[in-house]
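Laboratory data are not the source of any read-out in this text; all were calculated from the coordinates shown. Only a predicted model underlies this, so the values are computations on that prediction, with no experimental measurement involved. Here the Cβ positions follow ideal geometry from the backbone for every residue, glycine too, while neighbour counts run over all protein chains shown.
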Amino acid sequence: MRIAMIGTGYVGLVSGVCFSDFGHEVICVDRDPAKIALLKSGKVPIYEPGLEDMMVRNVAAERLSFTGDLKEAVAGADAVFIAVGTPTRRGDGHADLTYVYAAAEEIAEALTGYTVVVTKSTVPVGTNRAIHDIIARTRKEDEFGIASNPEFLREGAALDDFMRPDRIVVGVETQRAAEVMEAIYRPLYLRDFPIVKTNLESAEMIKYAANAFLATKITFINEIAALCEKVGADVKSVANGMGMDNRIGSKFLHAGPGYGGSCFPKDTKALARIGQEHASPMRIVETVIEVNEAIKRRMLAKVLDLCDDSFNGKTVAVLGVTFKPNTDDMRDAPSLTIVPALVGGGAKVRVVDPQGRKEGEALLPGVAWHDDPYKAAKGADALVILTEWNEFRALDLAQLAGSMATPRMADLRNIYSRTDVKEAGFERYETVGR
């Protein structure tokens, strides 16, 4: 199959590379000449374990290429995937579909034969119908098909998620479009990975419903954590006991400083807006959004208490600023709430993150970047763990405590035990829900 992937952001690049690894001929398109030049040089603009090696391998096999010319890529394609950004629109929380609709208009002009136009971007219910109408203004109904194929990729584990998915969701309206999608995903179908076929609206809704539910699980356990602190319970034990129930499951039950990233904040806001527009308010989702913001502020209060109610003149070492480990993504990360408050309160902030500096230098002005957590902690008044990178899970706690001006730690990911921290010489230790 010949595939054109419009957009080389996280979703587009991962999807395009993985499709080429299936054996398809894939051309990835982007308007940014610098990004195309970088990709052609064998480098990827994002951090995702294994992606660069897979990309280079498929370029060498002549199954994968990159261009800035959409018309060139679309001509002769069996399927064109739209994988452009749908950021939160200012003012109302809705997904901004400007790039999606612009891509649809360009695709309509570039089609040369029957082609399935597939939306990979996360879009509100009804968007694929609108894409159909845009293309139908230029093309006859028998010249194209429409499909909705939402992604379910976890940053840091995207290749495995694509190659070993829990399910593939395909929304289609015609048998011809369904056959093209089946051919594209045939390598996964042959390995018995389930394909959920449905209509366009259901496919669009599945993506939002799934992300909103996961965000709800995170927020729920964070609220339970706050209550655990009041009553003397341990949230890790509570989450473990809950997760053993097969109806609940253990994933996304890890207490911390709140969710962030490219999907959950944006998608929960968009789903809440969709509900408002259709007079069917998503009250649970709306509450999740509010509570998640409150959780970030609660984490900041913990750090402030650790610093004796004043950041002014204090030196604080922060370990991890990306929203999760194994990614360089800073979007809506809790660090974007906590670190600026530290700096604004007069603290000298030292940051260590294996991949966060590239985006973090612009997003977190006024901080000093370090590569070594021990150097960052030397002479510090407090240490804050915000992201549970593996590099931070087995630190020499005694060395850290011995080098700090006042050995105090806020472990906002609960990666250490209170006993170990105390025995290492820390005089105060703040956690979440314990």
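Could you give each residue of segment 55-68 its phi-based ³J(HN,Hα) in whole Hz, using Karplus coefficients 6.51, -1.76, 1.60 with θ = phi - 60°, and x for Gly or Pro?
Values per residue, Gly and Pro as x: 4, 4, 4, 7, 5, 4, 7, 6, 9, 9, 8, 9, 8, x Hz.
Taking Lys422 as the anchor, which lysines have their alpha carbon closer than 19 Å to its alpha carbon, excluding any fewer than eight residues away along the same chain?
Answer for Lys422, where 19 Å is the Cα cut-off: Lys236, Lys302, Lys378, listed by chain and number.
Report ³J(HN,Hα) in whole Hz for each residue of segment 190-199, in order, from the Karplus equation J = 6.51 cos²θ - 1.76 cosθ + 1.60 where θ = phi - 60°; Gly and Pro get x.
5, 9, 6, 6, x, 10, 9, 9, 8, 7
Rg (Å, one decimal) plus Dmax (Å, integer) for the alpha carbons of segment 297-430?
My reading of the Cα-based Rg and Dmax gives 13.2, 38 Å.
Would you mind checking which residues have amide H under 5 Å from Gly145's amide H? H placed 1.01 Å from N; only 5 or more apart, or other chain.
Thr115, Val116, Val117
How much mean residue ellipticity at 222 nm does the chain get from its helices, if each DSSP H run of length 4 or more adds -39500 (n - 2.57) and you divide by all residues, to the nearest 500 deg cm²/dmol? Write down the numbers at each step before the final one.
Details: 18 runs with 192 residues, N = 434.
Roughly -13500 deg cm²/dmol at 222 nm, from the helical runs in the chain.
Would you please name the GluC sites (Glu not before Pro) within segment 81-189 that are DSSP coil residues with at most 16 other C-beta atoms within 10 Å of their C-beta?
Working: sites: Glu105, Glu106, Glu109, Glu141, Glu143, Glu151, Glu155, Glu173, Glu179, Glu182; in loops: Glu151, Glu155, Glu173.
Listed in order of number, the matching sites are Glu173.
What is the distance in Å between the Cα centroid of segment 374-422 and that of segment 289-332?
Each part's Cα centre sits 15 Å from the other's.
Could you tell me the calculated FRET efficiency between Lys422 and Ala34, based on Cβ-Cβ distance and R0 = 60 angstrom, to the nearest 0.05?
Details: r = 50 Å, r/R0 = 0.84.
The formula returns an efficiency of 0.75 here.
Would you list which lysines come within 17 Å of Lys120, measuring only between C-alpha atoms, while excluding same-chain residues fewer than 8 positions from it?
Partners within reach: Lys197, Lys207, Lys266.
Just want to confirm a number: the relative contact order over the chain, from Cα pairs under 8 angstrom separated by 6+ residues, in percent. Don't skip to the answer; put the middle values down first.
Numbers: 858 pairs, mean separation 51.0, N = 434.
In percent, rounded to a whole number, it is 12.
³J(HN,Hα) across segment 106-114 via Karplus (A = 6.51, B = -1.76, C = 1.60, θ = phi - 60°), whole Hz, x for Gly/Pro?
5, 4, 4, 6, 9, 4, 10, x, 4
Gln276 versus Asp372, label points 7 Å from Cα toward the beta carbon: distance in nm?
About 5.1 nm, to one decimal.
Counting DSSP beta bridges in the chain, what percent are antiparallel, to the nearest 5?
Numbers: 3 of 47 bridges.
Beta bridges within the chain, antiparallel portion: roughly 5 percent.
How big is the gap, in Å, between the Cα center of segment 1-49 and the Cα center of segment 106-180?
Cα centroid to Cα centroid, the span is 17 Å.
Using the beta-carbon distance between Thr138 and Arg164 and R0 = 35 Å, what value does 1/(1 + (r/R0)^6) give for FRET efficiency, to the nearest 0.05? Let's see the in-between values first.
Numbers: r = 39 Å, r/R0 = 1.10.
Here the calculated transfer efficiency is 0.35.
Please label the shape of segment 2-198 as rounded, prolate or oblate, based on the square roots a ≥ b ≥ c of the eigenvalues of the alpha-carbon gyration tensor (a/c under 1.5 means rounded; beyond that, a/b larger than b/c means prolate, else oblate). Intermediate results must be reported in sequence, preceding the final value.
Numbers: a/c = 1.29, a/b = 1.19, b/c = 1.09.
Rounded, because the longest to shortest axis ratio a/c is under 1.5.
Work out the FRET efficiency for Phe213 and Ala394 from their Cβ-Cβ distance, taking R0 = 35 Å, and round it to the nearest 0.05. It would help to have the intermediate numbers written out before the result.
Working: r = 33 Å, r/R0 = 0.94.
My answer for the efficiency is 0.60.
Scaled to the compact-protein estimate 2.2 N^0.38 Å, what is the alpha-carbon radius of gyration of the chain, rounded to two decimal places?
Values: Rg = 23.5 Å, N = 434, 2.2 N^0.38 = 22.1 Å.
In units of the globular-protein estimate, the chain measures up at 1.06.
Only four residue types carry charge here, +1 at the Cβ of Lys and Arg and -1 at the Cβ of Asp and Glu. Report the dipole size of segment 297-430 about the Cα centre in Debye, rounded to the nearest 20. Intermediate values should be presented prior to the final figure.
On the way: 18 positive and 20 negative charges, 40 e Å.
For this selection, approximately 200 debye.
Using 0.36 nm per residue of separation minus the Cα-Cα distance, give me the extension gain between Glu52 and Arg191 in nm, one decimal. Show your work: numbers first, answer last.
Values: separation 139, 0.36 × 139 = 50.04 nm, distance 2.49 nm.
Separation in residues times 0.36 nm, less the Cα-Cα distance, equals 47.6 nm.
Be a star and scan segment 393-419 for residues whose amide nitrogen sits under 16 Å from the point 7 Å along the Cα-to-Cβ vector of Asn240.
Correct set: 414-419.
Does segment 208-294 classify as rounded, prolate or oblate by the C-alpha gyration tensor (a ≥ b ≥ c root eigenvalues; a/c under 1.5 gives rounded; else a/b over b/c gives prolate, otherwise oblate)? Intermediate results must be reported in sequence, preceding the final value.
Values: a/c = 2.27, a/b = 1.84, b/c = 1.23.
Note, shape of segment 208-294 comes out prolate.
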